[in-house]
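First the structure, in the form of structure tokens, and then the observations on it.
The values are calculated or read from the model by the stated rules, or taken from the named source; none is laboratory data. Since this is a predicted model, take the numbers as computed values, not measurements. Neighbour counts run over all protein chains shown; Cβ positions are idealised from the backbone, glycine included.
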Ligand code: FES
């Protein structure tokens, strides 16, 4: 026959061990759950960015900017046409830039070269750059260049 004082001590030890096990399991599972279910928010899929005034973008120029959380590139071709791209290189995610002297889009990381349509010209990039939508809005003489992901 057990003395009555043993039962509360055993229960207490069971509770402490159970609580420790539960706490350890929770501490291990919480980061995994947070990784698998990202928090709501982030960039809206149709974010519009006013990049520049049309008058400030001379032909054969480029401008890097941010859209949402990522880099983007607006270029005005030597012929005056506006084009915008996701500036993340399709090789290993470096940021591309416009080279006016060669009229091309260039990735400095591994010498990847893209044409003015975002197509791969040379180097290791496997795919063209993602094209973004460009709109010109506003009154004549003070038009804004607006880029969106739509
Ligand atoms: S990351 Fe652009 S060429 Fe390698």
Restricting attention to region 97-147, which residues are without any contact (Cβ under 8 Å) to a residue 40 or more places away in the chain, within 16 Å of residue 75 (Cβ to Cβ) and away from the ligand (no atom under 16 Å from the Cβ)? 101, 117, 135
Out of 143, 130, which single residue is under 24 Å from residue 50 (Cβ atoms), in contact with a helix residue (DSSP H, G or I) (Cβ under 6 Å, 6 or more places away or on another chain) and surrounded by 14 or more Cβ atoms within 10 Å (Cβ to Cβ)? 143
Only one of 74, 92 is at pLDDT 95 or above and part of a strand (DSSP E or B), namely 74
Considering only region 87-96, state which residues are near the ligand (Cβ under 10 Å from one of its atoms), in contact with a strand residue (DSSP E or B) (Cβ under 7 Å, 6 or more places away or on another chain) and within 19 Å of residue 67 (Cα to Cα). 88, 89, 94, 95, 96
